[in-house]
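Coordinate-derived values only; no laboratory data. These numbers were taken from a predicted model, which means no experiment stands behind them. Positions of Cβ are backbone-derived with ideal geometry, glycine not excepted, and every protein chain shown enters the neighbour counts.
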Amino acid sequence: MTKLFDKVLIANRGEIALRIQRACKEMGIKTVAVHSTADSGAMHVKLADESVCIGSHQAKDSYLNIPAIISACEITGAEAVHPGYGFLSENAHFAEILEAHGITFIGPTSDHIKTMGDKIVAKETVAKLGIPVVPGSDGKINDIKHAKKIAVQIGYPILIKASSGGGGKGMKIANSESDIEEAYNLAKFEAKASFGDDTIYIEKYLNAPRHIEIQVFGDKYGNAIHLGERDCSLQRRNQKILEEATSPVIDESQRDSIGNIASSAISNLNYLGAGTIEFLYQDDQFYFIEMNTRLQVEHPITELITDCDLVKEQIKVAAGEKLSFKQSDLSIKGHAIECRINAENPENFSPSAGQITAYHPASGPGVRVDSAVYAGYHIPPFYDSMIGKLIVYGKDRPGCLSRLNRALDEFVIEGVETTLPLFKRLISNDDIISGNYNIHWLEKFLK
């Protein structure tokens, strides 16, 4: 067996930092927490073996401060860094600098991060590997004349998208030629403002797709597997709200087919670690949209239906071990749903920072809560509003929904507003109960 790391620095905060910390502790690995001045009382700081303050409450001065994180590694003797998700998790420059300092990045190579971080290059790459893609431009759009030409070729409506970044920024719909100039200019403006890169491309706009993602994993020896799909179609402004695994509309044959295509592609890429290949799914067809070269927020639902610890597996393959299992070893059982609990007003989604005065997470059979808050914890206003995830498992989807309903009744968070009431509304809706929804459903429901 390959020697694992003695000490891992976790370059993140909140529930994902605590999630990684727990995996390390169970593996006998010491942990280093880095934190901003605003997070000195955070749970991941309290429970780490060591902690280092790396800057002010501003993320650019702390969680995005690469020199400070490298210094923290050198001060503490950390051999590896787990970036979690968000912040520096898909920053190829960060991965390169760690490598130059002899520190292992627990994730893919910087080359793979670069390739998949550029949506145009990613689309071209996966198309060559046999992954189906959305019809659209072969590369970047040079000007409005070029945009109109592509739109005519693939047919309206079209989606104009930023090559860099994500989260719905730099993404505009043009339903006809009269819309395209305004959509083109807005997409370029947002892309430049958000990502410093105004490169855009065009895809056919699908009117009622679902968002299906395939969890993949590879090791340095060319072994690759998939762990089934997650349905992430319940979104608001391109931000996921609730995810489930498996999807209510994907059968075993479809799962095996698209999963094997995805795992074969990452094997050919010699991809290392965890990744997620994301698709739009409509009329029984899958269309690639992007690949995330990191752990996903919604990874726990895959863990529950496959009985695999994805964080531990990330650490093992980063240390040079082979994957712990083969595709034939994996079986998908039951159903899991995750609710992202945000500190937000459940009606207008305005942020709700402040002190949590009472906190009682749901528990019992088949219930998991990933969170780093506690009674008395003060939610800072400087970061993402997600304060935890409620994840439930059942032997089938109806049983899972029933368990989720019970767990939501038990969950108590007082002192700040949260989105817990929204989930009660959602799971009592006939469309959700029947699984009849797509990526546009939630926006209409919330109007």
Q. Once the Cβ-Cβ distance between VAL121 and SER350 is put in as r, and R0 is 45 Å, what FRET efficiency do you end up with, to the nearest 0.05?
A. 0.75
Q. Hey, got the dipole for the chain? About the Cα centre, +1 on K and R Cβ, -1 on D and E Cβ, debye to the nearest 20?
A. 60 debye
(Q) For the range 135-204, place one equal point scatterer on every Cα, skip the solvent, and apply the Debye formula. What is log10 of I(q)/I(0) at q = 0.15 Å⁻¹? (A) -0.37
Q: Two decimals is fine: what's Rg over Rh for the range 210-446, C-alpha atoms, Kirkwood radius as Rh?
A: 0.97
Q. Looking at the range 246-331, which trypsin sites (Lys or Arg not before Pro) are DSSP coil and have at most 15 other C-beta atoms within 10 Å of their C-beta?
A. LYS322, LYS326
Q. Add -39500 (n - 2.57) for each DSSP H run of 4 or more in the chain, then divide by its residues: what number comes out at 222 nm, to the nearest 500 deg cm²/dmol?
A. -10000 deg cm²/dmol
**Q.** Positive minus negative residues near ASP39 (Lys, Arg vs Asp, Glu; Cβ under 13 Å)
**A.** -1
Q | Simple Cβ-charge dipole of the range 7-106, Lys/Arg +1 and Asp/Glu -1, about Cα centre, in debye nearest 20 | A | 300 debye
Q) Which number comes out as Rg/Rh for the chain once both Rg and the Kirkwood Rh are worked out on C-alpha atoms? A) 0.95
Q) Which pairs break 31 Å Cα to Cα here: LYS7/LYS424; LYS128/LYS148; LYS192/LYS444? A) LYS7/LYS424
Q) Quick one: length gained pulling ASP111 to LYS447 fully straight, 0.36 nm per residue minus the C-alpha distance? A) 116.7 nm
Q: Pull out the extension gain between SER40 and VAL152, defined as 0.36 nm times the separation in residues minus the alpha carbon to alpha carbon distance; nm, one decimal.
A: 34.8 nm
Q.
Considering only C-alpha atoms, what is the centroid distance from the range 299-323 to the range 386-423, in Å?
A. 25 Å
Q) In whole Hz, what ³J(HN,Hα) sequence does the range 339-356 give by Karplus (6.51, -1.76, 1.60; θ = phi - 60°), x for Gly and Pro? A) 10, 8, 8, 10, 7, 9, 5, x, 9, 10, 6, 6, x, 9, 6, x, 8, 7
(Q) List residues of the range 426-444, by number, whose backbone nitrogen lies under 13 Å from a label position 7 Å along Cα→C-beta of GLN282. (A) 438-441
Q. Residue by residue, what Karplus-based ³J(HN,Hα) values in Hz, rounded to whole numbers, does the range 70-76 have, using 6.51, -1.76 and 1.60 with θ = phi - 60° and x for Gly and Pro?
A. 4, 4, 5, 4, 5, 5, 9
Q) Taking the chain as a Gaussian network, Cα atoms linked when under 10 Å apart, which of VAL152, VAL216, VAL416 shows the biggest mean-square fluctuation? A) VAL152
Q: Sticking with the crude label model, points 7 Å out along Cα→Cβ, report the distance from ASP61 to HIS378 in nm, one decimal please.
A: 1.6 nm
Q: From zero up to wherever the largest Cα-Cα distance of the range 286-403 sits, split into 10 Å bins and tell me the percent of pairs in each.
A: 11, 31, 34, 19, 4
Q) How large are Rg and Dmax for the range 336-399 when only the alpha carbon atoms are used, in Å? A) 13.4, 39
**Q.** Theoretical FRET efficiency, 1/(1+(r/R0)^6), r = Cβ-Cβ of LYS424 and GLN239, R0 22 Å, to 0.05
**A.** 0.65
Q.
Could you identify which residue out of TYR85, TYR287, TYR156 has the top mean-square fluctuation in a GNM of the chain using Cα springs shorter than 10 Å?
A. TYR156
Q: May I ask you to compute the full-extension gain from GLU96 to ASN185, defined as 0.36 nm times their residue separation minus their alpha-carbon distance, rounded to one decimal in nm?
A: 28.6 nm
